[in-house]
1. Within segment 36-50, work out how many residues are under 21 Å from Ser120 (Cα atoms), open to solvent by 80 Å² or more (accessible area, probe 1.4 Å) and of a type in the set (Ser, Thr, Tyr).
2. It is to be established whether one or more residues within segment 96-104 are within 18 Å of Asp11 (Cα to Cα), part of a loop (DSSP other than H, G, I, E, B), modelled with pLDDT under 95 and not small (Gly, Ala, Ser).
3. For Met69, work out the one condition from (1) buried (at least 19 other Cβ atoms within 10 Å of the Cβ); (2) part of a loop (DSSP other than H, G, I, E, B) it doesn't fulfil.
4. Mind checking which residues of segment 46-66 are more than 14 Å from the chain's Cα centre (by Cα) and at negative phi?
Amino acid sequence: MPKTVLIVEDDETTQLLLAAVMRRAGLPILIAGNGQAAIELIETRSDISCIILDLMMPEVDGQAVIAHMAAGQHRIPVIVCTAALPRITPDFDPEIIRAVVRKPFDVEHLMTTVAELVESHDQTLP
């Protein structure tokens, strides 16, 4: 069963923290340092069960990744992990965005959310 978590984050320190948390939970990870790399992984990998997505990245941002997923009918659950203030965070499609976690984030809360989404996504696979 696929259980890979895709971490889409341009900040290397945050990438390392998120990767360590996911590995501690026994979840395989992929890391994309920008939205374009994330889109390429979403299009080419079938083992992604959850995406942790930063909104504010240079070049191709998190909003573009979300738009790509919506246009392509990709239904991988996404956790938006952002420092953006609530007024900057747009209304999200609940079919795609399952949670919004503000930075700095609570590691245990994030891990619980990821575990729940990975489990629920795996149960919906054919």
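The values are calculated or read from the model by the stated rules, or taken from the named source; none is laboratory data. Note that the structure is a prediction, hence the values are computed from the model and not measured. Virtual Cβ from ideal backbone geometry, glycine too; neighbours counted across all protein chains shown. Side chains included, ligands, DNA and RNA excluded: accessible areas come from the protein's heavy atoms. Shrake-Rupley method; radii C 1.70, N 1.55, O 1.52, S 1.80 Å.
1. Adding up the residues that qualify gives 1.
2. yes
3. (2)
4. The initial filter retains those residues of segment 46-66 that are more than 14 Å from the chain's Cα centre (by Cα), namely 46, 58-60.
Passing the criteria: Ser46, Pro58, Val60.
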